[in-house]
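Single-structure report; data block below.
Laboratory data are not the source of any read-out in this text; all were calculated from the coordinates shown. Owing to the predicted nature of the structure, the values given are computational and were not obtained by experimental measurement. Cβ coordinates were reconstructed from backbone atoms using ideal geometry, including for glycine residues, and neighbour counts include every protein chain displayed.
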Amino acid sequence: MAIERTLSIIKPDAVGKNVIGKIYSRFESNGLKIVAAKMKHLSRQEAEGFYAVHKGRPFFNDLVEFMISGPVMIQVLEGEGAIAKNRELMGATDPKKAAPGTIRADFAESIDANAVHGSDAPETAAVEIAYFFPASEIYSR
Ligand code: UDP
């Protein structure tokens, strides 16, 4: 499998619960390396731009409000099959349906406040990484 990069966001609910380190250790112990990271309180414009593909969906406004309700921790993860691996570690969008032992099953409350974001495909990963990190802020080795 190829070495990939994916964008991960620890959302305001999980940052507020003080579990950044616990989530990072799941990435690290599953072969994903953190090659870029920043904490940021998104502006409304940044959150709307990031989730532009969901504009018009019924949950869009609530999603944006939630994402700007507190700081988030944003990271680029690198590793073999990183995109699918991160999605596997995250679990299903709705934490009630997330497999036991996944990040969402263990740390999320609801489909709105679901602890983490992860890119879902190589194309979206490239766009999402570039949205937050210039190449000069990604440290592969
Ligand atoms: N979302 C929501 N209600 C829904 C579907 C999605 O609040 O019915 C939110 C949820 O926070 C989710 C995000 O919108 O993480 C993006 O949705 P997507 O389907 O891309 O899920 P993900 O890729 O995050 O699992």
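Under the rule of -39500 (n - 2.57) per DSSP H run of 4 or more residues, summed and divided by the residues of the chain, what mean residue ellipticity at 222 nm is obtained, to the nearest 500 deg cm²/dmol? Numbers along the way, then the final one.
Details: 7 runs with 55 residues, N = 141.
Mean residue ellipticity, 222 nm, calculated: -10500 deg cm²/dmol.
Any idea what the relative contact order of the stretch 3-137 is, in percent, if you count C-alpha pairs under 8 Å spaced at least 6 apart? After rounding, I find 38 percent. Close amide H partners of Ala36, meaning residues 5 or more places away or on another chain with modelled amide H under 5 Å apart, are Val76, Tyr139. According to the calculation over all Cα-Cα pairs in the stretch 3-137, the P(r) per 5 Å bin from zero is 2, 11, 21, 25, 24, 13, 4, 0 %.
Of the residues Tyr51, Tyr139, the one with the fewest other Cβ atoms within 10 Å heads the list, and the complete ranking is Tyr139, Tyr51. Classify the stretch 23-82 as rounded, prolate or oblate from the Cα gyration tensor: take a ≥ b ≥ c as the square roots of its eigenvalues, call it rounded if a/c is under 1.5, otherwise prolate when a/b beats b/c and oblate if not. Prolate is the answer for the stretch 23-82, as a/c is 1.5 or above and a/b outweighs b/c.
By how many nm would the segment from Val127 to Phe59 lengthen if fully extended, with 0.36 nm per residue of separation less the alpha-carbon distance? Mind showing how you got there, number by number?
Numbers: separation 68, 0.36 × 68 = 24.48 nm, distance 2.20 nm.
Extra length available between Val127 and Phe59 comes to 22.3 nm.
Suppose R0 equals 30 Å. What FRET efficiency, 1/(1 + (r/R0)^6) with r the Cβ-Cβ distance, do Gln45 and Asn18 give to the nearest 0.05?
Working: r = 28 Å, r/R0 = 0.93.
Result of the calculation: an efficiency of 0.60.
Taking the inverse of the mean 1/r over every pair of distinct Cα atoms in the stretch 57-116 gives a Kirkwood hydrodynamic radius of 12.6 Å.
Taking a threshold of 25 Å on the Cα-Cα distance, which of the pairs Lys33/Lys97; Lys17/Lys55; Lys11/Lys55; Lys17/Lys96; Lys17/Lys97 fall above it? The answer is Lys33/Lys97; Lys17/Lys55.
Under the 0.36 nm per residue contour assumption, what length would be gained going from the current alpha-carbon distance of Ile34 and Ala99 to full extension?
Taking 0.36 nm per residue and subtracting the Cα distance, the gain is 21.0 nm.
Here Thr124, Thr6, Thr93 are placed in order of increasing Cβ neighbour count within 10 Å, fewest first, which gives Thr93, Thr124, Thr6.
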